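The values are calculated or read from the model by the stated rules, or taken from the named source; none is laboratory data. Here the structure is a predicted model, which is why all the values come from computation and not from measurement. So basically every Cβ, Gly included, is an ideal-geometry build from the backbone, and we count neighbours across all protein chains shown. For accessibility, only protein heavy atoms count, side chains too; no ligands or nucleic acids. Shrake-Rupley method; radii C 1.70, N 1.55, O 1.52, S 1.80 Å.
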Amino acid sequence: MASLWVGHRGTVRDYPGFSPSVDAEAIRKAIRGIGTDEKTLISILTERSNAQRQLIVKEYQAAYEKKLKDDLKSDLSGHFEHLMVALVTPPAMFDAKQLKKSMKGTGTDEDALIEILATRTSRQMKEISQAYYTVYKKSLGDDISSETSGDFRKALLTLADGRRDESLKVDEQLAKKDAQILYNAGEKKWGTDEDAFTEILCLRSFPQLKRTFDEYRNISQKDIEDSIKGELSGHFEDLLLAIVHCARNVPAFLAERLHGALKGAGTDEFTLNRIMVSRSEIDLLDIRAEFKKRCGYSLYSAIKSDTSGDYEAALLKLCGGDD
């Protein structure tokens, strides 16, 4: 089951010679002592895979009759606490909580919604929806419906449904047909047929979309991005552009998000934690490479200059290296 959340390009792998009971005991000691031993917490939690951390969580609960995440919450604070708690949360549950957070209170964090729904696979979305229902006793779709509206809502709901084709095979004829539909729905007519955009961009596989965008360029002499910018607006436009970027290159899209979270005054820890934790076993090596390509400096150095203390130390361990 865990394999949905593990790829070949992560910075975190299974720890060799892993013992959940040894780790649980070391963590308990680190939390129980006078003053917390943050170094031990960091070295254990950032060097175990999520599957291994879940075994530590079980072991901890069995041995001490306490939830590890509750002990971490009561013992730590601030961004460091959020990061450590994120690390001991199962991935689908973590995403579900991030989605809830982005829809809670006044105002919706559309960027977070867009980022999660655009980058997760259909199978991941199904797991996230299940986790969401388990924790909140409400369906993810219902919450999205009440927090968003219009074409943006329609597209988010389509993505949340987890119906995107996952096959790697590309159908040339379909690409030509879809490109023509997109052209007819936008550039060619007065007014835009938004549903056609939603249907194609939210349901076709990423390799298929890439091919469709090439065909689109042949037909309209424009990049699909330019057409979307010209035809659509608001959060719906942002979402479709995000999907186009992800179809072309998910790590590049996430590197761009990290760059946004780390630049300027103040750090967006919500985004930083989410990407570092959720991609650390999937494609953080590729995200690092794209970040360097885009910014001319490494993600490692960006984190170093933007964060501090135990929080910085834990993030740098997750980052894996300074390249």
Residues satisfying the stated conditions in region 51-79, i.e. touching a Phe, Trp or Tyr at 6+ places or on another chain (Cβ under 9 Å) and surrounded by fewer than 22 Cβ atoms within 10 Å (Cβ to Cβ): Ala51, Gln52, Leu55, Lys66, Lys67, Asp71, Gly78, His79
Among residues of region 248-268, those that are open to solvent by 20 Å² or more (accessible area, probe 1.4 Å), farther than 23 Å from Arg13 by Cα and either aliphatic (A, V, I, L, M) or in contact with a Phe, Trp or Tyr (Cβ under 8 Å, 6 or more places away or on another chain) (or both), counted: 3
Condition check for Gly266: closer than 26 Å to Ala96 by Cα, more than 12 Å from the chain's Cα centre (by Cα) and not in a helix (DSSP H, G or I): yes
Single unsatisfied condition, Ile287 versus (1) open to solvent by 40 Å² or more (accessible area, probe 1.4 Å); (2) under 18 Å from the mean Cα position of the chain (by Cα): (1)
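Of these, Ile219, Ile243, Ile228, which one is open to solvent by less than 60 Å² (accessible area, probe 1.4 Å), touching a residue at least 24 places away in the same chain (Cβ under 8 Å), closer than 17 Å to Ile116 by Cβ and assigned to a helix (DSSP H, G or I)? If you could, list the steps in order and put the result at the bottom.
Values: Ile219 fails: closer than 17 Å to Ile116 by Cβ; Ile228 fails: closer than 17 Å to Ile116 by Cβ.
Criteria check complete, one pass: Ile243.
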Among residues of region 86-96, those that are surrounded by fewer than 19 Cβ atoms within 10 Å (Cβ to Cβ) and part of a helix (DSSP H, G or I), counted: 1
Qualifying position, being touching a Cys at 6+ places or on another chain (Cβ under 7 Å) and either open to solvent by 60 Å² or more (accessible area, probe 1.4 Å) or closer than 29 Å to Thr271 by Cβ (or both), among Leu201, Leu159, Leu117: Leu159
Number of positions in region 20-50 that are open to solvent by 40 Å² or more (accessible area, probe 1.4 Å) and within 29 Å of the chain's Cα centre (by Cα): 4
